[in-house]
């Protein structure tokens, strides 16, 4: 009976009066996946405030239901255990805990990450890696190493808004190439873009893509790499969600198939360990020296104590234990979110089918303007990420991204109800 | 007698047999200050390895006497106390210690820095500040906010090599303007450069300059600011050593005299608290929004726990207690170093007269090539910083910078003896 109760709590079965327990049909599983609008997207200007500024600045401010930014709930992170490791490391180091780390980052940490890279299919050596201030710095250094201001780069449409901003700040032109919700970048569209433009780099998130959640099949990864390397276009691979499959093995990185040393792999522990520790890494292959030089002049070196605490946590198995625990939770939280969204949102929505990570990409009926929804949701105390942020040229106007990294609770359920109500109001207006 | 013994240990008095104690003549005080070569300097190419790479990479490697990089000895930093504060902060925060900090940096830290800014003559508000990954990131963001690739900037000659590298990495042309060893930037030379070139920014280190150690007088600061603001040239002020006068009050920042909102102030706690905590800050005035956006796309945010630990250390007076203790020590260590250098180095040297910080700038006889000295010293287990690193066009070929941040001991004394021997050998060859 206890097992039944547990399954019921998890919404996996339902009790029907006088009939017993039944496996709950997951209506959400029948919802189709979103479609990226084909072809060129309309340029969008934010006339008033940039919603991204609002979104990013809300983080520390008012207590909004946090469905906007891609952040795990603190209670789902191993923060307390990690802090204990940090205190032990600091005690052990004594005065030298205050010293500069080397620019490439503590060797102990690079050694642990190199060991883990076997799981990604990469077999990196510690000296192949440079530790960075999160994946953000890694991506920024990668772009600076292979591009000059004025160059064009390929990005996915949709893509993580940080990449779009970064391209803008570095004076790069971002060429969006649509992705398939289940399979990743549209290979034909990519081919066409590479043919029509002089491209300095291509930025992809093959594993548990942000915002869509797909994981590219190995065959497709190989195919894309060959296509890029034939044209001598470096690939910058963003792998921040790779450690978070909901089930099954950790997917390989595209760098695992990198025969011509043309992939720069960027990753971090910000989504899996501690966002605020700012620990990322970059395996830049032949651009390693360039990246290290740029790292020195961008931030000199990283926080030694935090780097060493993370190294110890990786070494002693704390990280793996944590991953085993959290992977499934994110899968369940996404399933919950999907059900609530299907229950509450207007008819005709489409939902992504993430196989890892904690993000859900929703296509709303075309009449629902997600920027309007963003503002009215915020006024109602709910933060969401509107679609146009995810493409350098705007578009995705009726899409939103929902963060499922927070523990599911009544507030969350209520918030989805309110969001659905607001979406319907916008649809009818 | 104990007092005499202490003064003797500190080399301030000397015992003369059967005569008593006498105030020790500081021969070093009579040595003239270095002169910056006037006019345009010859471009210098490093044909083989770049000595700066060697210097920076040695940090974590072989056990060299650390006279090269500008680092305090770990035992002169409050690392252990700070780590205790860190552990307490982490315990208090619990799971949320792993969370993202806001992009501008923890408000608690910005509040403490804003309070301290009264001592700099600035009266900043917490919202005027953005926390950065050391002063390195602050300087990089400042340059990116006010310059475009291809622009020219004024730098001091000599200047901190990080600025030269950064300018290069950002595609900026650095125009060196000579400094006077005691008074700072040569005002006439600056005027001429501003007249002859279109200058996008000027980077100065007015307080305890690296490598020379001067502190500009307030009148000169005002004068230079007026000169720059008349020509609408933003000033980027590097104030990393400002908290370290050997005696007397903390000097004011140039930003204190900034009537036209054209000064971007950059500072850090890397030289005074914990290099490895990577805590810097930037007060960018009207460029604040631009800087914050660039910060987001360069590194997103900083290490929350370290920021909060530093805030607490500043708040509870630990930092001020530490400063009172260490300021005088650096003065004494520089005096020791000067004496040893005068004793051991070839005749005809000139030494800077730093009034704060822990760096000594030495002009050797013209025949002593400092790059040669750098390599032979390194082979003998001693790291020094050769002069040509401190100017974008090379030059300062017979200058070296010596780090006096390390506690004076027998190894140090021996190392200066060896350096003098090597310098004489080069002079004669």
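Looking at this structure, is residue B:172 over 21 Å from the mean Cα position of the chain (by Cα), surrounded by 20 or more Cβ atoms within 10 Å (Cβ to Cβ) and more than 9 Å from chain A (Cβ to nearest Cβ)? In short, yes.
Kindly provide the set of residues from the range A:312-324 that are within 14 Å of chain B (Cβ to nearest Cβ) and surrounded by fewer than 24 Cβ atoms within 10 Å (Cβ to Cβ), ordered by number.
Correct list: A:318, A:319, A:322.
Only residues that are in a strand (DSSP E or B) and more than 24 Å from residue A:175 (Cα to Cα): list them for the range A:360-390, please. Result: A:382, A:383.
For residue A:133, the conditions (1) within 30 Å of residue B:168 (Cβ to Cβ); (2) within 14 Å of chain B (Cβ to nearest Cβ); (3) surrounded by fewer than 17 Cβ atoms within 10 Å (Cβ to Cβ) are fulfilled apart from (3).
Among the residues of the range B:74-116, which ones are facing chain A (nearest Cβ under 7 Å), closer than 30 Å to residue B:415 by Cα and part of a loop (DSSP other than H, G, I, E, B)? B:77 - this is the single residue of the range B:74-116 that is facing chain A (nearest Cβ under 7 Å), closer than 30 Å to residue B:415 by Cα and part of a loop (DSSP other than H, G, I, E, B).
Evaluation of residue A:179 against the conditions (1) more than 14 Å from chain B (Cβ to nearest Cβ); (2) within 20 Å of the chain's Cα centre (by Cα); (3) within 17 Å of residue A:280 (Cα to Cα) shows that the sole unmet condition is (3). Just give me the residues in the range A:51-73 being under 18 Å from residue A:412 (Cα atoms), facing another protein chain (nearest Cβ under 9 Å) and modelled with pLDDT under 90, in sequence order. Result: A:59, single match. Filtering the range B:278-300 down to residues that are more than 17 Å from residue A:297 (Cα to Cα) and buried (at least 24 other Cβ atoms within 10 Å of the Cβ), which residue is nearest to the other protein chains (Cβ to nearest Cβ)? Filtering first and then ranking leaves B:284.
Looking at the range B:293-305, can you tell me whether even one residue there is under 22 Å from the mean Cα position of the chain (by Cα), closer than 14 Å to residue B:137 by Cα and either without any contact (Cβ under 8 Å) to a residue 24 or more places away in the chain or part of a helix (DSSP H, G or I) (or both)? No, because not a single residue in the range B:293-305 is under 22 Å from the mean Cα position of the chain (by Cα), closer than 14 Å to residue B:137 by Cα and either without any contact (Cβ under 8 Å) to a residue 24 or more places away in the chain or part of a helix (DSSP H, G or I) (or both). Considering the range B:117-130, and only residues there that are touching a helix residue (DSSP H, G or I) at 6+ places or on another chain (Cβ under 6 Å) and within 14 Å of another protein chain (Cβ to nearest Cβ), the residue that is surrounded by the most Cβ atoms within 10 Å (Cβ to Cβ) turns out to be B:130. Here the range B:240-277 is the region considered, the condition is being out of contact with any strand residue (DSSP E or B) (no Cβ under 8 Å at 6 or more places or on another chain), within 14 Å of chain A (Cβ to nearest Cβ) and not in a helix (DSSP H, G or I), and the residue that is nearest to residue A:309 (Cα to Cα) is B:274. Counting the residues of the range B:225-239 that are in a helix (DSSP H, G or I) and farther than 20 Å from residue B:141 by Cβ gives 5.
Quick check on the range A:361-368. Is at least one of its residues surrounded by 16 or more Cβ atoms within 10 Å (Cβ to Cβ), over 17 Å from the mean Cα position of the chain (by Cα) and closer than 20 Å to residue A:210 by Cβ? Yes: the range A:361-368 contains one or more residues that are surrounded by 16 or more Cβ atoms within 10 Å (Cβ to Cβ), over 17 Å from the mean Cα position of the chain (by Cα) and closer than 20 Å to residue A:210 by Cβ.
The values are calculated or read from the model by the stated rules, or taken from the named source; none is laboratory data. Just so we're clear, the structure is a prediction, and the values are computed from it rather than from any experiment. Cβ atoms come from the backbone with ideal geometry, glycine included; neighbour counts cover every protein chain shown.
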